[in-house]
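The values are calculated or read from the model by the stated rules, or taken from the named source; none is laboratory data. Quick caveat: nothing in here was measured; it's all calculated off a predicted structure. Cβ placement follows ideal geometry from the backbone for every residue including glycine, while neighbour counts extend to all protein chains displayed. Calculation scope for accessible area: heavy atoms of the full protein, side chains included, ligands and nucleic acids excluded. Shrake-Rupley method; radii C 1.70, N 1.55, O 1.52, S 1.80 Å.
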Amino acid sequence: MTTTGPMSTASRRFISFLAAPAVSPLIALVIAVIIFATQSDRFLTGRNFSLIVQQVMVVGTLAIGQTLIILTAGIDLSNGLISALGGVVMTKLAVASGVNPVLAILIGILVCTAFGAVNGLLITRLNLPPFIVTLGTLNIAFALVRIYSTQSITGLPDVQTSLGETFLLGTTAISYGSILMFILYLITWYMLQNTAFGRHIYAVGNDPEAARLTGIPVNRVLLTVYTLAGATYGIGALMLIARTGVGDPQAGQDANLESITAVVLGGTSLFGGRGNVMGTLLGVLIVGVFRNGLQLTGVPSIYQVLITGILVILAVAIDQLSRKARA
Amino acid sequence: MPSPERGTPPQVADQSARTPVLSAQGLVKHYGQVVAMDGADFDLFPGEILAVIGDNGAGKSTLIKALSGAVIPDSGQIFLNGEAINFRSPLDARRYGIETVHQSLAVAPALNIVDNMFLGREIRRPGPLGSVFRMLDKKKMLADATVYMQDLKFRIQSMQQAVETLSGGQRQGVAVARAAAFARNVIILDEPTAALGVKESGMVLELIQKVRDRGLPVILISHNMPHVFEIADRIHIHRMGKRTAIVRPQAYSMSDVVAIMTGALEVNKQSN
Ligand SMILES: Nc1ncnc2c1ncn2[C@@H]1O[C@H](COP(=O)(O)OP(=O)(O)OP(=O)(O)O)[C@@H](O)[C@H]1O
Ligand SMILES: [Mg+2]
């Protein structure tokens, strides 16, 4: 082996260790937890952790779809507004149009799934870049939300807020929505690690031409990924209305960048083909822990934004350095 | 163009031994102003090693991409066992038992050797784990892939290392082993020894002969004349987008063949 450039073998090893799936985000999360635990005795409690998870479950769920898309070397800017549309559809159908609330939920999820499929169709049939396509559908979803409803929809039927309800585990109240989020992560992890479709997602993100030459139906993989992502946005919508108790036409506007942040913090490469959905879960939790911990220790919340920014740059730098170390 | 008729048996020609396994007539492919194939003909007969040689940019890779479904020709016709066939994707050609090592190798760098070996034809666990939960049989794939690589006697530290951590030659070994393992009808190798050392090239040449001895015809694209003369049964010379000659290595010297390739020497077209 020849070493090129100034990088020593030891530093290469160190960088590839940091770039290994979920290692860096896990270190960051553990450090953050230790620091906040020593600063506030209210931090390290089951109740507080349950709260953190509830605060991140919507973005956490959207970030699952975002991870799949980024693994294919794509990006989705439209997820938050697709989710907002889904939420408004679910609630307004049930509250104003008298549709059975469960049916309304299904229709809302279907609308989100269809939106995801439209993203996928535009990207695969017209060969347009995902960034541009989802920038377009972001605006379309935004407009549709406002056209459909300008006001918050309140007085939701109980079944539509059931994901926000809690059960007691020991003395800690845990919401059904958080459990659902963890289950979705497990299913996605299983799919990526243990099924052929998972392998194909990585192959397409790695090198689409190589994937095509080995007989993988690249466009079908992409279309499926964007459609599945749309479905996760629908579930995110259901969590959102359950958490807030309203169908909010203002919702979801920052969720695209927040979900991309979580994916990047989790060590998934924006260049596609590398990463892991469990890393994204850690990324989501890191953001949640910082937000909560800084609040508890009385640090102004703007510092959370500052720290998130620094962590994002660190995560991307590690990815970039590890790409150099491989080359 | 007629579509492939999978149900019908192959045509029996009067000289059945001489029906090409794979052949093509008048293939044309344009890339904008560039003519990559300009009426290319092609024939591969059962059990032979056919070398395809030609200058850089002569259109060799484009030809074999058409024969492996990776490129759809603008016009012309491909035949499998004498029957007209249209490949619409690499998967189509693969279904007919045609395996290809592309010049670009077509591997996914971040995936490991086993994953690459089985990419697009993964093996699932038996029973409901496989059929309902779609679970991959990683153990079986690892065991099989290890056997395929051992056929090549390449030294690999771990089958679970990412392909990007391999040397260029080892990567080529993975691509060759994959094609050799799965080919049922034809194996196509586009410069499979380009990045290989002397010993590894020898292994690949040996493997090619083993594959031929198994009864499979081989298409070998190479710029390495000694290799070509060592193992080819016939040599297809490609020039400016089409076949200009077919020669037998016994009948011509290397320098003659190079002269034909560069257009310095004319030959009668079918000197076999
Ligand atoms: N995808 C493509 N887009 C545009 N032009 C192409 C493409 N593929 C091939 N060509 C052009 O077609 C011609 C034939 O290329 P091809 O790769 O088939 O040559 P080759 O004989 O395999 O060359 P080499 O020995 O260098 O591998 C070249 O002029 C090349 O530039
Ligand atoms: Mg070539």
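Some observations on this one:
- Answer from B:206, B:230, B:266, B:200 - the residue that is surrounded by 21 or more Cβ atoms within 10 Å (Cβ to Cβ), of a type in the set (Asp, Glu) and assigned by TED's automatic domain parsing to the domain that holds residue B:70: B:200
- In the stretch B:113-136, the residues that are open to solvent by 20 Å² or more (accessible area, probe 1.4 Å), more than 8 Å from every other protein chain (Cβ to nearest Cβ) and in contact with a helix residue (DSSP H, G or I) (Cβ under 7 Å, 6 or more places away or on another chain): B:123
- Selection within the stretch B:15-38 - touching a Ser or Thr at 6+ places or on another chain (Cβ under 9 Å) and more than 14 Å from ligand 2 (Cβ to nearest atom): B:26, B:27, B:28
- Residue check for residue A:308: of a type in the set (Ser, Thr, Tyr) and under 15 Å from the mean Cα position of the chain (by Cα): no
- Taking each residue of the stretch B:46-59 that is within 19 Å of residue B:248 (Cα to Cα) and looking for partners that are near ligand 2 (Cβ under 10 Å from one of its atoms) and among the hydrophobic types (A, V, I, L, M, F, W, C) with beta-carbon atoms closer than 8 Å, six or more apart or interchain, yields B:51/B:221; B:52/B:63; B:52/B:64; B:52/B:221; B:53/B:221.
- Looking across the stretch B:39-49, the residues that are away from ligand 2 (no atom under 16 Å from the Cβ) and not acidic (Asp, Glu) come down to B:39, B:44, B:45, B:46, B:47, B:49.
- Screening the candidates A:30, A:56 for the property of being crowded, with 17+ Cβ neighbours inside 10 Å and modelled with pLDDT of 90 or more yields one hit, A:56.
- Scanning the stretch B:99-112 for residues that are of a type in the set (S, T, N, Q), surrounded by fewer than 18 Cβ atoms within 10 Å (Cβ to Cβ) and facing chain A (nearest Cβ under 9 Å) turns up at least one hit.
- Members of the stretch B:62-98 that are open to solvent by 30 Å² or more (accessible area, probe 1.4 Å), within 13 Å of chain A (Cβ to nearest Cβ) and touching a residue at least 24 places away in the same chain (Cβ under 8 Å): B:65, B:91, B:94, B:96
- Residue count for the stretch A:255-308, restricted to those that are outside any helix (DSSP H, G or I) and aliphatic (A, V, I, L, M): 2.
- Test: residue in the stretch A:166-186 that is buried (at least 18 other Cβ atoms within 10 Å of the Cβ) and within 14 Å of chain B (Cβ to nearest Cβ): no
- Tally of residues being within 12 Å of ligand 1 (Cβ to nearest atom), in contact with a Pro (Cβ under 7 Å, 6 or more places away or on another chain) and in a loop (DSSP other than H, G, I, E, B) across the stretch B:42-97: 1
- Selection of the stretch B:199-237 for residues being in a helix (DSSP H, G or I) and within 14 Å of ligand 1 (Cβ to nearest atom) yields B:225, B:228.
- Verdict on residue B:173 being open to solvent by less than 20 Å² (accessible area, probe 1.4 Å) and more than 16 Å from ligand 2 (Cβ to nearest atom): yes
- Residue identified as open to solvent by less than 20 Å² (accessible area, probe 1.4 Å) and either touching a residue at least 12 places away in the same chain (Cβ under 8 Å) or in contact with a strand residue (DSSP E or B) (Cβ under 8 Å, 6 or more places away or on another chain) (or both) among A:75, A:82: A:82
- The stretch B:176-197: number of residues that are more than 26 Å from residue B:23 (Cβ to Cβ) and either open to solvent by 50 Å² or more (accessible area, probe 1.4 Å) or basic (Lys, Arg) (or both): 2
- Count of the stretch B:28-51 residues which are more than 27 Å from residue B:229 (Cα to Cα) and not basic (Lys, Arg): 7
Conditions tested, residue by residue: (1) more than 10 Å from chain B (Cβ to nearest Cβ); (2) closer than 22 Å to residue A:57 by Cβ; (3) open to solvent by 30 Å² or more (accessible area, probe 1.4 Å).
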residue	(1), (2), (3)
A:191	no, yes, yes
A:194	no, no, no
A:199	no, no, no
A:202	no, no, no
A:207	no, no, yes
A:212	no, no, yes
A:220	yes, no, yes
A:228	yes, yes, yes
A:234	yes, yes, no
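- Just one of the listed residues (A:105, A:109, A:35) is farther than 24 Å from residue A:191 by Cα and surrounded by fewer than 23 Cβ atoms within 10 Å (Cβ to Cβ), and it is A:35.
- Taking (1) open to solvent by 30 Å² or more (accessible area, probe 1.4 Å); (2) closer than 30 Å to residue A:33 by Cα in turn, residue A:126 satisfies each apart from (2).
- Residue in the stretch B:189-198 that is assigned to a helix (DSSP H, G or I), within 12 Å of another protein chain (Cβ to nearest Cβ), within 16 Å of ligand 1 (Cβ to nearest atom) and closer than 29 Å to residue B:45 by Cβ present: no
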